[in-house]
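Here the structure comes first, spelled out in structure tokens, and everything after it is commentary.
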Amino acid sequence: MSLIFHWFLPTNGDSRHVVGGGHGTPVTATGRDRPPSIGYLTQIARAAEDLGFTGALTPTGAWCEDAWLTTAMVSQNTERLKFLVAFRPGFVSPTLAAQMASTFQRQTGGRLLLNVVTGGESREQRAHGDFLDKDARYRRTDEFLQVVRELWNGKTVDLDGEHLRVEDARLARLPDPVPEVYFGGSSPIAGEVAARHADVYLTWGEPPAQVAEKIAWIKGLAARQGRAVRFGIRLHVITRDTSEQAWAEANRLLDGFDPETVRSVQAGLARSESEGQQRMLALHAGGSREALEIHPNLWAGIGLVRGGAGTALVGSHEEVAERIKGYHALGIEEFILSGYPHLEEAYWFGEGVLPKLQAQGLWRHPYGRQATPSAQVPFVGAGRPPAGLTITVPAPQRP
């Protein structure tokens, strides 16, 4: 099976520096360099579509634009790109969520994927009126997905559960196709929910040995449910024509981290209830520059100022392709990638790495096009865009 690659829509803002945010941390000031306008996000989506990414992930939370609304608008300016919409069960009824997904499929020609985010931070959940503890939130997610899946299958649903109650629920129109469910989580109860409901289990970019342990864990849980689950990984990428150029870019990003911001973000993330977030924090060993390459070409520097996914594949196009092949050998089929800025980095990866994987028979363009390697990948030096592509960056707003 061909590997599947997704990109990322930075609905919290974009920059030539790392934009923080997530898991209770605020968006850093650089997020205002390129506001997440529909125009700019459309440029990223169109670039991803042309380069051969299958879909684009959007985050969820009060720190970014709403994922449902934003992707619905961007979808009207693209043709084939799918949207991996992150959403939180419990904020809307399962019947309404099932209907929203069904509508999205009809209005976009079947381009919706769902990333179910239970919510790892109680403080953030309470701001939305959700006062359940973490384990209770996962039990609610279990009930939520049970209802949604049965509705999508055309059933009339009655449920009197611990957290959710519906009576005589049904959909007038079913989604076609039924959206695939992506799900992540490192706690025991998260694994149980993933085994029952996920089509694709997602892990953040941990070293291969730890990823292999997670895959074995979820495979075992799913087998006991009589199910098989596919696996994906969420990573940032910094890929260049040479390894030296890639690491120079990583160091440039690192040099831009304000020490006080790093201390503040790390203090906030240390209080996170998310086991996945705690595993991310453990990777960078306190933030020493010398300890940030935690596996060949796997760099934990992003996690110093950003919640959630905190690691990046850094290296030449050949090196990054080899690391991807290594994860694939473990059982990873889908890669959800991002990089700063997201428009330029999509081209670095799409024109640098994808042709190498295509030449080895590991990837093919989802729309039947031939990936074209570039002797000099766009955005070299001053960051000029390729011919025909215009970057529209609104002027900063001043009081």
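Any read-out appearing in this document is the output of simple, stated calculations on the displayed coordinates, not a laboratory observation. Bear in mind that the values here come from a model prediction, so they are computed numbers and not experimental data. A quick note on method: Cβ atoms are made from the backbone with ideal geometry, for glycine too, and the neighbour counts reach across all protein chains shown.
Once both labels are positioned 7 Å from their Cα atoms along Cα-to-Cβ, the gap between Gln370 and Val92 label points is 4.3 nm.
Within the chain, how many Lys pairs that are eight or more residues apart, or on different chains, come under 22 Å at the alpha-carbon?
Step by step, the pairs that qualify in the chain add up to 4.
The GNM of the chain, with springs linking C-alpha atoms under 10 angstrom apart, assigns the highest mean-square fluctuation among Gln360, Gln99, Gln245 to Gln360. Taking the Cβ-Cβ separation of Arg173 and Glu333 as r and a Förster radius of 35 Å, what is the calculated FRET efficiency to the nearest 0.05? About 0.70, to the nearest 0.05. The 3J(HN,Hα) values that the Karplus relation (6.51, -1.76, 1.60; θ = phi - 60°) gives for region 89-96 are, in residue order, x, x, 7, 9, 5, x, 5, 5 Hz. Gly and Pro appear as x.
Label-to-label distance for Arg252 and Asn77 is 2.6 nm, based on points extended 7 Å past Cα in the beta-carbon direction. Taking amide hydrogens as placed 1.01 Å from N in the peptide plane, the amide H of Ala86 sits under 5 Å from those of Thr58, Asn115, each at least 5 positions away in sequence or on another chain. For the chain, what proportion of DSSP beta bridges, expressed in % and rounded to the nearest 5, is antiparallel? Percentage antiparallel, nearest 5: 20.
For the chain, a simple Cβ point-charge model (Lys and Arg +1, Asp and Glu -1, everything else neutral) yields a dipole of about 440 debye relative to the Cα centre. Angle of helix 243-255 to the longest C-alpha principal axis of the chain, folded into 0 to 90 degrees and rounded to 10: 70°. Gain on full extension, evaluated as 0.36 nm per residue between Gln107 and Arg16 minus their Cα-Cα distance, stands at 29.4 nm. Rounded to the nearest 500, the 222 nm mean residue ellipticity of the chain from helices alone is -12000 deg cm²/dmol, with -39,500 (n - 2.57) taken per DSSP H run of at least 4 residues. A full extension of the chain between Ser122 and Glu318 corresponds to an added length of 66.4 nm, given 0.36 nm per residue minus the alpha carbon distance.
You can think of it this way: the chain between Asp133 and Asp158 has 6.5 nm of extra reach, that is 0.36 nm per residue less the Cα-Cα gap. Looking at region 47-167, the DSSP beta bridges with both ends there are about 20 percent antiparallel. Packing around the peptides 106-118, 165-177, taken as the average count of other Cβ atoms within 10 Å per residue, puts them in this order, highest first: 106-118, 165-177.
Can you compute the FRET efficiency between Ser37 and Gln245 using 1/(1 + (r/R0)^6), with r the Cβ-Cβ distance and R0 = 30 Å? Round to the nearest 0.05.
Using R0 = 30 Å, I get an efficiency of 0.50.
Distance from the C-alpha centroid of region 299-326 to that of region 181-238: 19 Å, rounded to the whole angstrom.
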